[in-house]
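**Student:** Have a look at this one.
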Amino acid sequence: MKIYTKTGDKGTTALFGGKRVSKADLRIDTYGTVDELNSFVGLVRDQEVNQKRKAGLVEIQDRLFTIGSILATEPGNTKVKIPSLAETDITFLENEMDKMDEVLPPMKFFVLPGGHPSISFGHVARTVCRRSERLTIALNEQEAVDPMVIKYLNRLSDYLFVLCRTMAHELKVEETPWKPRM
């Protein structure tokens, strides 16, 4: 199978199921942003501080491919076989956050992103996740999207925030509070 097909040379691409749409279509932007998020999660996974969380981050990346498949499927097409999300995927993220929260000091202020490259990569992943969520919600306003996709992306951004705090704790990096200038 060749990587290049030349079928997109005029600015269109095919959804799973065959329907051709503009590469500027909101659906394409949405699953493209999920793909971008997946790449950033890979970067977070590759950080030395996350070696013990590698399997969990790979699982998250797998779920992001699932979300991409869901979003890339032509609406109403039941002939295309794609993976699905389950409530256990949400529970996995919640359980992981609960474990990380056990060792973290309580939040007393908003935290400025940064302090260490690993933490900064995590915050970039978190913000791309939020953008993915916003785009998915916008797409849902045009045509129905599996509600589990929105729920998963919402929970994943929370997970990524807690992961950033956990990395700061493990790397012994002091979190920088946001102090609004009044």
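**Student:** Is at least one residue of the stretch 77-90 of a type in the set (D, E, K, R), surrounded by fewer than 18 Cβ atoms within 10 Å (Cβ to Cβ) and not in a helix (DSSP H, G or I)?
**Tutor:** yes
**Student:** Is at least one residue of the stretch 32-42 more than 16 Å from LEU156 (Cβ to Cβ) and assigned to a helix (DSSP H, G or I)?
**Tutor:** The answer is yes; a qualifying residue exists.
**Student:** Another one. Does at least one position in the stretch 106-119 carry a residue that is touching a Leu at 6+ places or on another chain (Cβ under 6 Å) and either within 22 Å of VAL58 (Cβ to Cβ) or surrounded by fewer than 21 Cβ atoms within 10 Å (Cβ to Cβ) (or both)?
**Tutor:** yes
**Student:** List, please: which pairs have Cβ atoms under 8 Å, are six or more places apart or on different chains, and start with a residue in the stretch 90-105 that is on the phi < 0 side of the Ramachandran plot and end with one that is among the hydroxyl-bearing types (Ser, Thr, Tyr) and part of a helix (DSSP H, G or I)?
**Tutor:** Listed by first residue and then by second, the contacts come to ILE90/TYR152; LEU93/TYR152; LEU93/TYR159; GLU96/TYR159; MET97/TYR159; MET100/THR166; VAL103/THR166; LEU104/THR166.
**Student:** Only residues that are in contact with a Gly (Cβ under 8 Å, 6 or more places away or on another chain) and either loosely packed, with under 15 Cβ neighbours inside 10 Å or modelled with pLDDT of 95 or more (or both): list them for the stretch 172-182, please.
**Tutor:** If the condition is that a residue be in contact with a Gly (Cβ under 8 Å, 6 or more places away or on another chain) and either loosely packed, with under 15 Cβ neighbours inside 10 Å or modelled with pLDDT of 95 or more (or both), then VAL173, GLU174, THR176 are the ones that fit.
**Student:** What is the residue count in the stretch 133-180 for residues that are assigned to a helix (DSSP H, G or I), among the acidic types (Asp, Glu) and more than 28 Å from ASN50 (Cα to Cα)?
**Tutor:** Final tally of qualifying residues: 1.
**Student:** Another question about this same structure. Taking the stretch 43-69, which residues are part of a loop (DSSP other than H, G, I, E, B) and touching a helix residue (DSSP H, G or I) at 6+ places or on another chain (Cβ under 8 Å)?
**Tutor:** If the condition is that a residue be part of a loop (DSSP other than H, G, I, E, B) and touching a helix residue (DSSP H, G or I) at 6+ places or on another chain (Cβ under 8 Å), then GLN47 is the only one that fits.
**Student:** Scanning for something aliphatic (A, V, I, L, M), over 17 Å from the mean Cα position of the chain (by Cα), part of a helix (DSSP H, G or I) and modelled with pLDDT of 95 or more, does the stretch 102-110 turn up at least one residue?
**Tutor:** no
The values are calculated or read from the model by the stated rules, or taken from the named source; none is laboratory data. Because the structure is predicted, anything quoted here is derived from the model rather than measured. Virtual Cβ from ideal backbone geometry, glycine too; neighbours counted across all protein chains shown.
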